[in-house]
Amino acid sequence: MVGGVASAVAERLRVDPGVVRVLLVISVPLSGIGVPLYMLAWLLIPLEGSERSIAGRATGDLRGIAILIALSPVLVVTLIASSALGNRYVTTLDTAVFLSAGGLFLIYRNADEDERAWLRNIADSYLHLTPSASRSRKALALRILAGVALLAAGMLILTLGHISGAALEPLAGVVLLLVALALLFGPWWLRLGRDLMTERQARVRAEERADMAARVHDSVLQTLALIQRKADDPQQVAQLARAQERELRSWLFEGGEPGSPGASDPTTVSSGAKQIAREVEDAHGVAVEVVTVGDCQLDDELRALLAAGREATVNAAKWSGAPTVSLFVEVEPSSVSMFVRDRGAGFDPAAVAPDRRGVAESIRGRMARHGGKATIRSSPGQGTEVELTMPRPVVRT
Amino acid sequence: MSPDRPRVLLVDDHQLFRAGVRGELGDAVLVVGEADNVASAVRLIGREEPDVVLLDVHMPDGGGQAVIEAVRSPYPDVRFLALSVSDAPEDVIAVIRAGARGYVTKTISGPELVDAVRRVASGDAVFSPRLAGFVLDAFATLPDAAPQASFDPELDQLSRREHEVLRLIARGYTYKEIARELSISTKTVESHVSSVLRKLQLSTRHQLARWATERRLI
């Protein structure tokens, strides 16, 4: 059920996997040898569709094997201790438990990523290893409770039990043995622990690097390739470079999802302004510099403000001939204002034919309908600035 | 110092970028050297004593802030203009507070960059629209909570005029256009901007520091 060993064995022997499982389960309390056997099989039988068995990889895992050897004194000590104390049951199970734990350890270290993630999941659901805010506190309380209970039980047994010299002697021997082993192997254990830690860090770093590489490949290298192909079209090169820059920025500085910067509907004034800039840049190849001060959630009025602002930005990009358009949005307690400015051709507002619906309807009309105001200042040769103001509803406290 | 042809040191860890900037500056300034790390920048500043150091905010061994802090007291006359691709407000504010007299993004055009270098060389401050936006944002969060004991209205608040000037910069106006708009002289605009820079560097409002880190989360 865990490693899929039972079904693999059953397939080989042509019997029902259930039979194999039952046999395995029965063998556990009898001698405990079933579990290490299971581990061994897990190590040796390759995953369906994969070339090498885990054992093949494990033999190359010198550090893992070293850790197992380093821990083997624990097995020796418990064996000696249990036989000295005359506890048969522990003696029989000890080797089995040690071997299966070791096997599991090697499996984990050498399993491929899928299997490892799956093992982690299983371990998580039983041990609650992954700390999550509410769960970790409960787990901590549980752990402390269990620890205290065990401690109390141990003290009780120690004080209530008959302390006879005969029982103490082997115990003292065990303690001495432990100290000796710690002296002999201690430094080595420490070093192994440190190695494990660095190995873990290296793995985390490698994952980060892989993530970064994937990102750079998916977007930056692709864009660079496109730019090389379009080298004779400066406007398109600039457009590509700018779009890529924006995407990278949103990933680096705002934690945005790569690939689809702001694909969803904006919910705040500043993200709305950024979206306008993005779309106008993409559609018209004109740089739009956005500066926002303050921020607030969008409502219907502010959506109208943004729509009018978008119209003004598109007009500036299309008609002014200026290479850049400035978009400034300021959210104040009582109002939100938006300024769209270009240093392009400009026009005489008085001379605009009344049938030019663009300015009249989509900017002035839209603002007026929602209780806002639009002011357009322009003169030929001086560029244009559109100022949009929308009062904010008074916040009731 | 020759105000019309300032002596400039370029500090950036990207050779390609330094070459690009050198080309764009052309004959308008005298490039006295290039450095690609903090140590060599500090050494060159000591040797050449340039008028203006064009300083990259991010470098592998510490960046602009480290350079400014190393040379500020031995060479108080050297002025710094920060040049960066970063939009992260905490980086920008940090380098300004360390002592840079201005901040422009690397996408700035050649003539604008020359203009900014000249301005910094003559002791003025240079604010890009984006920096103006950051500053407005930082000072806009007025102490609606209990005013702090350390609150100093001289330093911790923008005057109405300074506010107006900053807003116009953020809207994309040049100093000349601002002067016309507000019917004041260009010199007055410059002194307002310098005064904002001073407040930015000296204010101990801890909102300023907190704002910079919080803004990332919005």
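The values are calculated or read from the model by the stated rules, or taken from the named source; none is laboratory data. What you are looking at is a predicted structure, and each value in this text was computed from that prediction instead of being measured. All Cβ positions, even for glycine, are placed from backbone atoms using ideal geometry, and neighbour counts span all protein chains on display.
Within segment A:268-287, which residues are within 32 Å of the chain's Cα centre (by Cα) and within 13 Å of chain B (Cβ to nearest Cβ)? Reasoning before the result, please.
First, the residues of segment A:268-287 that are within 32 Å of the chain's Cα centre (by Cα): A:268-279, A:281-282.
The answer is A:Thr268, A:Val269, A:Ser270, A:Ser271, A:Ala273, A:Lys274, A:Ala277, A:Glu281.
For segment A:209-232, enumerate the residues that are surrounded by 10 or more Cβ atoms within 10 Å (Cβ to Cβ) and of a type in the set (Asp, Glu).
Matches in segment A:209-232: A:Asp211, A:Asp218.
Within segment A:308-328, track down each residue that is at the interface with chain B (Cβ under 9 Å from one of its Cβ atoms) and either surrounded by 24 or more Cβ atoms within 10 Å (Cβ to Cβ) or small (Gly, Ala, Ser) (or both).
Residues satisfying the conditions are A:Val325, A:Ser326, A:Leu327, A:Phe328.
Hey, A:Ala350 hits all of (1) more than 9 Å from chain B (Cβ to nearest Cβ); (2) modelled with pLDDT of 90 or more but one; which does it fall short on?
(2)
Would segment B:77-87 turn up any residue that is modelled with pLDDT of 85 or more and surrounded by fewer than 18 Cβ atoms within 10 Å (Cβ to Cβ)?
yes
One line per residue, one yes/no per condition, for (1) in contact with a strand residue (DSSP E or B) (Cβ under 6 Å, 6 or more places away or on another chain); (2) within 14 Å of chain A (Cβ to nearest Cβ):
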site: B:Pro74; (1), (2): no, no
site: B:Phe80; (1), (2): yes, no
site: B:Val85; (1), (2): no, yes
site: B:Pro89; (1), (2): no, yes
site: B:Ile93; (1), (2): no, no
site: B:Arg97; (1), (2): no, no
site: B:Arg101; (1), (2): yes, no
site: B:Thr107; (1), (2): no, yes
site: B:Gly110; (1), (2): no, yes
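Just one of (1) on the phi < 0 side of the Ramachandran plot; (2) modelled with pLDDT under 70; (3) not aliphatic (A, V, I, L, M) trips up A:Gly86, so point out which.
Every listed condition holds for A:Gly86 apart from (1).
Residues that are touching a Ser or Thr at 6+ places or on another chain (Cβ under 9 Å) and in contact (Cβ under 8 Å) with a residue 24 or more places away in the chain, at least 3 per element: which helices (runs of 4 or more DSSP H) completely within segment B:28-112 meet that? Give the steps one after another, and end with the answer.
Details: elements: B:38-48, B:63-71, B:89-98.
Because the criterion is at least 3 residues that are touching a Ser or Thr at 6+ places or on another chain (Cβ under 9 Å) and in contact (Cβ under 8 Å) with a residue 24 or more places away in the chain, the helices (runs of 4 or more DSSP H) in segment B:28-112 that meet it are B:89-98.
Residue check, A:Tyr108 against (1) more than 30 Å from A:Leu176 (Cα to Cα); (2) at pLDDT below 70; (3) in contact with a Leu (Cβ under 7 Å, 6 or more places away or on another chain), all met but one. Which one?
Result: A:Tyr108 fails condition (2) only.
Report yes if some residue within segment A:378-390 is under 24 Å from B:Ile169 (Cα atoms), modelled with pLDDT of 90 or more and more than 14 Å from chain B (Cβ to nearest Cβ); otherwise report no.
yes
Residues that are among the β-branched types (Val, Ile, Thr) and at pLDDT 85 or above, at least 3 per element: which strands (runs of 3 or more DSSP E) completely within segment A:244-342 meet that?
In segment A:244-342, A:287-293, A:324-331 are the strands (runs of 3 or more DSSP E) which contain 3 or more residues that are among the β-branched types (Val, Ile, Thr) and at pLDDT 85 or above.
Just one of B:Ser122, B:Ser128 is at pLDDT 85 or above, closer than 29 Å to B:Gly26 by Cα and surrounded by fewer than 16 Cβ atoms within 10 Å (Cβ to Cβ); which is it?
The conditions single out B:Ser122.
Checking A:Arg215 against (1) assigned to a helix (DSSP H, G or I); (2) within 14 Å of chain B (Cβ to nearest Cβ); (3) at pLDDT below 80, which single condition isn't satisfied?
(2)
For residues in segment A:223-235 being modelled with pLDDT of 80 or more and assigned to a helix (DSSP H, G or I), which is nearest to A:Val286 (Cα to Cα)?
Across segment A:223-235, the extreme among qualifying residues is A:Pro234.
Looking at (1) within 12 Å of another protein chain (Cβ to nearest Cβ); (2) out of contact with any strand residue (DSSP E or B) (no Cβ under 8 Å at 6 or more places or on another chain); (3) aliphatic (A, V, I, L, M), which is the one condition that is false for B:Ile184?
All conditions are met except number (1).
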